Amino acid sequence: MNFYLRYFNDETLVSTADEAINFLYSLREIDLTPQMEQDVRQYLSSDVRYPKRYKVRAHSYFIIIKTDAQNMEEFKSHRNAKDEIAPTAADVPAEAPAREASLKQQLLLGLRHHRPGWYEGDMMFKRVTQDPRTGKYIYRDTRFVAQVKADSGMECYRRMVDHLQQRVDQRSQFPSVKGKNFQFTFLGKAR
């Protein structure tokens, strides 16, 4: 197994923890503390496969990805191929909790995957309604399920939000397309 490390435009593919630590020490912007070095070594020696990021300072991180690629070209071509063949939510099986981060990444890729047809979207949003007892406006969790014709999971989300914005109070709040309060399923091309 090899390790891909990246900090902005500085990147490398190494095969040992010592090489990874040496790369991090070579970057002037990163102040590698003994605790951070120990944590990096523990992560590299663990069986955990999902990527890990480390905070350098506000809005500045370096990432480490475990990979079976033997060189940088192979690593980048594998990542590009994965982007081209993105799974949909229905294509991704739910497996062990250790793969949860990878599953989330695959679902996010599925949002942008161009696949024209019918989708069923399910969202939980905060709808503003007036409480009849007090006359005050309150937020209520409201579930909305719709079948829409779209080109991707992202377009399904947009169409649902557009529909709701025309029919509910403007103060209502819609979930993030990447969050757990929106799911979609590809139903097929014909309906």
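The values are calculated or read from the model by the stated rules, or taken from the named source; none is laboratory data. Model, not experiment: these values are computed from the prediction. Here the Cβ positions follow ideal geometry from the backbone for every residue, glycine too, while neighbour counts run over all protein chains shown. These accessible areas exclude ligands, DNA and RNA; they are computed on the full protein's heavy atoms, side chains included. Shrake-Rupley method; radii C 1.70, N 1.55, O 1.52, S 1.80 Å.
How do the peptides 69-77, 113-121 rank, highest first, by the average count of neighbouring beta carbon atoms within 10 Å per residue? Could the numbers behind the result be given before it?
Numbers: 69-77: 13.2, 113-121: 16.6.
Descending packing order for the listed peptides: 113-121, 69-77.
Applying a DSSP loop filter and a limit of 16 other Cβ atoms within 10 Å to the trypsin sites (Lys or Arg not before Pro) in region 154-186 leaves R167, R171, K178, K180. Within region 8-61, the chymotrypsin sites (Phe, Trp or Tyr not before Pro) that combine a DSSP coil assignment with at most 15 other C-beta atoms in a 10 angstrom radius are F8. In this structure S45 has an accessible area near 100 Å², from a 1.4 Å probe over the protein heavy atoms.
Modelled spin labels at E29 and M124, positioned 7 Å past Cα toward Cβ, are 3.8 nm from each other. Loop-located GluC sites (Glu not before Pro) in region 7-70 (DSSP state not H, G, I, E or B) with no more than 15 neighbouring Cβ atoms inside 10 Å: E29. Taking a ≥ b ≥ c as the square roots of the eigenvalues of the alpha carbon gyration tensor, region 126-191 is prolate, as a/c is not under 1.5 and a/b beats b/c.
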